[in-house]
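The values are calculated or read from the model by the stated rules, or taken from the named source; none is laboratory data. The model shown is predicted, which means the values in this text are computed figures rather than measured ones. Here Cβ is always computed from backbone atoms with ideal geometry, including for glycine, and neighbour counts include all displayed protein chains.
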C-alpha cells in the first residue's frame, strides 16, 4: 500500500479521532490555527504529521500496538523526503524505521497523560489570571529563570489559555497550552512552571487547576506530555486527576549522507 500526502482534514480527523487522547496534538493541529504549519502522510490507517511551526520541524508518529507495523512502514517510505534535521515524537520502537536514514539521538521516554478524574481538581484552590500579548516579556523572563530551553510559541497566548500568578509586575507561576482546539475538542497542557523562589507553595497545582477549569468548558480531552523521569511533575498531575495513557520517546534526527 503506497504512502500518500493527505490533505483532507475530515479523513484525518476520522482516523486520528479513533484514539483522541493518543492523538490530541495531531487533532489539535487540524485546527485553522495550526493547519498551515502541517504536512500529513498516510499509509492505510497510519498517519504521520510533520509540524513546521517549530525549529527544527517536529515529526509525530504515534500508534497503539496494533498499528505500529503499518506506521513503521510509512516512516521507512517517507524518510527520504523528510528534512535533514528534525525532532521526533515516536511510539516505542518506531525509531528503528528511521535509523537507516537518520542518526537517532534519544531525549528520553515520555508519558502521555489525560485528565480522567476531574473531580480531583476540586481539592485544589485554583489561581491565576488569563494572560495575553502584553505579558509576553514577563513570560519570557519567567521561562528564562525557571524553565530554560523550553519550547514556547508566543502565538499560543492568543488562545486565551495561558494563566499566571503575578507578584507585582512579575509572573511567578504559569500554565499554558501547546495545543487548543474548540473545533476538535482537544487540548494539551504545556509550559507549566513556577519561579524557583516561589516553589513549594502549591502554585503549579493552582494554575493547572485554573487552566483545566477553562479548558473543560471547550474540550472533551485535556492531555499533556511529561518526561517519564520527572517524578515530581508526574505525581502532581496524578494528584490533579491525570492518568498515564501511553508512552512515547522524543528524538533528534540528523540525516545520514545528505
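A few points about this structure:
- Number of positions in region 207-219 that are farther than 14 Å from residue 160 by Cβ and in contact with a strand residue (DSSP E or B) (Cβ under 7 Å, 6 or more places away or on another chain): 4
- Matching option when the condition is assigned to a helix (DSSP H, G or I), modelled with pLDDT under 95, surrounded by fewer than 18 Cβ atoms within 10 Å (Cβ to Cβ) and at negative phi, among 155, 138: 155
- Every condition in (1) surrounded by 14 or more Cβ atoms within 10 Å (Cβ to Cβ); (2) closer than 11 Å to residue 110 by Cα holds for residue 215 except the one numbered (2).
- Taken over region 89-115, residues that are assigned to a loop (DSSP other than H, G, I, E, B), under 22 Å from residue 227 (Cβ atoms) and touching a helix residue (DSSP H, G or I) at 6+ places or on another chain (Cβ under 8 Å) amount to 3.
- Scanning region 38-69 for residues that are part of a helix (DSSP H, G or I), surrounded by fewer than 17 Cβ atoms within 10 Å (Cβ to Cβ) and modelled with pLDDT of 95 or more gives a single hit, 69.
Here is a yes/no grid of residues against (1) crowded, with 17+ Cβ neighbours inside 10 Å; (2) closer than 21 Å to residue 152 by Cβ:
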residue: 85; (1), (2): no, yes
residue: 88; (1), (2): yes, yes
residue: 106; (1), (2): no, no
residue: 114; (1), (2): yes, no
residue: 117; (1), (2): no, no
residue: 122; (1), (2): no, no
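- Some residue of region 18-27 being in the same structural domain as residue 78 (by TED's automatic domain parsing), within 17 Å of the chain's Cα centre (by Cα), surrounded by fewer than 16 Cβ atoms within 10 Å (Cβ to Cβ) and not in a loop (DSSP other than H, G, I, E, B): no
- Residue within region 2-10 that is surrounded by 14 or more Cβ atoms within 10 Å (Cβ to Cβ), modelled with pLDDT of 95 or more, in a helix (DSSP H, G or I) and not assigned by TED's automatic domain parsing to the domain that holds residue 218 present: yes
- Residue count for region 141-152, restricted to those that are in a helix (DSSP H, G or I) and within 20 Å of residue 25 (Cα to Cα): 0
- Residue match in region 76-88 (condition: within 23 Å of residue 189 (Cα to Cα) and touching a helix residue (DSSP H, G or I) at 6+ places or on another chain (Cβ under 9 Å)): yes
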